[in-house]
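**Student:** Below: one structure in structure tokens.
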Number of protein chains: 2
Amino acid sequence: MNYTIRKAVEADVANIFGLIEELAIFEKEADAVIITPEDLRKDGFGASPKFHCFVAETPEDVLGIALVYMRYSTWKGEVLHLEDLIVSEKARGKGIGGKLLTEVIKFGNSLGVKRIGWEVLDWNTPAIEFYEHIGADVKRDWHVVQLDEEGIERYLANKEL
Amino acid sequence: MNYTIRKAVEADVANIFGLIEELAIFEKEADAVIITPEDLRKDGFGASPKFHCFVAETPEDVLGIALVYMRYSTWKGEVLHLEDLIVSEKARGKGIGGKLLTEVIKFGNSLGVKRIGWEVLDWNTPAIEFYEHIGADVKRDWHVVQLDEEGIERYLANKEL
């Protein structure tokens with residue numbers, strides 16, 4: 001399959017959103033997606049973008065995306081974070097994910113960051129083995145904690161502030 | 001103990017750095033801290049800050065910090081991330097960590113974010129129980145993956161690009 005990887009532009013928003021939705025549907029979490037294409041356009045392609053995105057495409061179709069932004073480590077300073085690496089189900093097993101990851105690593109290197117980070121599900125053994133093979137550190141002793149909007153409101157309502 | 005919580009200002013940088021170092025030494029990871037107070041000053045207190053920080057202080061001393069920044073969820077849009085919550089060893093057990101967390105949750109609420117996230121070590125049972133008690137979701141099925149500077153260089157050197 002012939003595809004190229006390039007930085008996303010505003011005209012890619014519909015395709016980017018399509019892949020985000022496809023993955024959420026696959027994970028039976030479609031309702032959790034409250035973002036809209038308009039949010040993505042505004043947040044990613046305005047004057048001070050909140051993320052950067054790479055797309056893998058054939059002349060006909062966008063097959064995958066990698067979406068990144070900067071985080072801040074109190075030990076390392078600015079570090080690059082890979083939030084989402086999505087390859088459309090119809091295009092998996094062709095190495096597109098690996099090529100997108102390479103693009104992200106080149107991007108991080110060009111920015112001079114001291115670290116690139118991402119997250120992986122614990123059951124995804126092939127991915128974990130691949131990441132360790134390329135020299136990444138898979139930290140099994142940290143849990144991700146999330147307090148959603150309802151939790152935020154409940155916490156503040158119950159709290160003597 | 002009488003202490004107040006407020007937003008950090010540039011003059012707090014030395015104290016913020018001191019707490020970051022104290023924690024790294026406690027974790028026997030002092031060498032991993034490559035950031036300098038000057039980096040913190042530039043990154044946190046310039047025209048477009050890369051993080052925001054809250055400090056807990058007595059008239060004599062800064063006892064704790066909470067350092068946050070925005071991340072980007074492809075499902076929720078901008079979300080607030082709590083990178084570090086540090087309370088000096090000499091001031092633990094007085095509820096300062098909880099008060100700093102409350103300040104972070106109020107801050108997230110004022111920004112209207114759909115989620116506040118952070119990470120916790122899997123052996124830190126009291127913290128995990130506290131987070132679940134306040135309604136946070138502790139996700140045990142995600143691992144954090146990190147590729148450091150040396151790994152980035154090695155990956156790119158070995159790769160046909």
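The values are calculated or read from the model by the stated rules, or taken from the named source; none is laboratory data. Values in this document were obtained by computation on a predicted structure and should not be read as measured data. Neighbour counts are summed over all protein chains in view; Cβ atoms, including those assigned to glycine, are modelled from backbone coordinates with ideal geometry. For the accessible areas, the whole protein counts, side chains as well, though only heavy atoms, and no ligand, DNA or RNA atoms are used. Shrake-Rupley method; radii C 1.70, N 1.55, O 1.52, S 1.80 Å.
**Student:** Quick one: in the stretch A:115-126, which of the residues that are farther than 11 Å from B:His143 by Cα and free of Cβ contacts under 8 Å to residues at least 24 places away in the same chain is most open to solvent (accessible area, probe 1.4 Å)?
**Tutor:** Per the criteria, the residue is A:Pro126.
**Student:** Only one residue in B:Phe45, B:Phe26, B:Phe107, B:Phe51 is open to solvent by 60 Å² or more (accessible area, probe 1.4 Å) and among the aromatic types (Phe, Trp, Tyr), so which one is that?
**Tutor:** Exactly one of B:Phe45, B:Phe26, B:Phe107, B:Phe51 is open to solvent by 60 Å² or more (accessible area, probe 1.4 Å) and among the aromatic types (Phe, Trp, Tyr), namely B:Phe26.
**Student:** If A:Thr102 meets every condition in (1) without any contact (Cβ under 8 Å) to a residue 24 or more places away in the chain; (2) more than 7 Å from chain B (Cβ to nearest Cβ); (3) assigned to a helix (DSSP H, G or I) apart from one, which number is that one?
**Tutor:** Failing condition for A:Thr102: (2).
**Student:** Same structure, new question: Quick check on B:Asp31: is it free of Cβ contacts under 8 Å to residues at least 12 places away in the same chain, under 17 Å from B:Glu83 (Cα atoms) and in a helix (DSSP H, G or I)?
**Tutor:** Working: free of Cβ contacts under 8 Å to residues at least 12 places away in the same chain: yes; under 17 Å from B:Glu83 (Cα atoms): no; in a helix (DSSP H, G or I): yes.
Here the answer is no, as B:Asp31 does not meet what is asked.
**Student:** Sort out which residues of the stretch B:105-122 are more than 7 Å from chain A (Cβ to nearest Cβ) and assigned to a loop (DSSP other than H, G, I, E, B), and write them in order of number.
**Tutor:** Residues satisfying the conditions are B:Gly112, B:Val113.
**Student:** In the stretch A:72-83, what count of residues is obtained for those that are under 20 Å from B:His143 (Cβ atoms), open to solvent by 30 Å² or more (accessible area, probe 1.4 Å) and in contact with a strand residue (DSSP E or B) (Cβ under 8 Å, 6 or more places away or on another chain)?
**Tutor:** Total satisfying the criteria: 2.
**Student:** Considering B:Leu40, B:Leu23, B:Leu80, which residue is among the aliphatic types (A, V, I, L, M) and in contact (Cβ under 8 Å) with a residue 60 or more places away in the chain?
**Tutor:** After ruling out the rest, the residue left standing is B:Leu23.
**Student:** While we're here: Condition first: open to solvent by less than 20 Å² (accessible area, probe 1.4 Å) and not hydrophobic (A, V, I, L, M, F, W, C). Now tell me which residues in the stretch B:62-71 satisfy that.
**Tutor:** Listed by number, the residues that qualify are B:Gly64, B:Tyr69.
**Student:** Also, quick follow-up: Can you name every residue in the stretch A:17-35 that is of a type outside the set (Asp, Glu) and touching a Phe, Trp or Tyr at 6+ places or on another chain (Cβ under 9 Å)?
**Tutor:** Step one: of the stretch A:17-35, the residues of a type outside the set (Asp, Glu) are A:17-20, A:23-26, A:28, A:30, A:32-35.
Matches in the stretch A:17-35: A:Ile20, A:Ala24, A:Ala32, A:Val33, A:Ile34, A:Ile35.
Okay, residues lined up against (1) in a helix (DSSP H, G or I); (2) more than 9 Å from chain B (Cβ to nearest Cβ); (3) modelled with pLDDT of 95 or more; (4) open to solvent by 10 Å² or more (accessible area, probe 1.4 Å):
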residue: A:Val55; (1), (2), (3), (4): no, yes, yes, no
residue: A:Glu60; (1), (2), (3), (4): no, yes, no, yes
residue: A:Ile86; (1), (2), (3), (4): no, no, yes, no
residue: A:Lys90; (1), (2), (3), (4): yes, yes, no, yes
residue: A:Gly93; (1), (2), (3), (4): no, yes, no, yes
residue: A:Phe130; (1), (2), (3), (4): yes, yes, no, yes
residue: A:Val145; (1), (2), (3), (4): no, no, yes, no
residue: A:Gly151; (1), (2), (3), (4): yes, no, yes, no
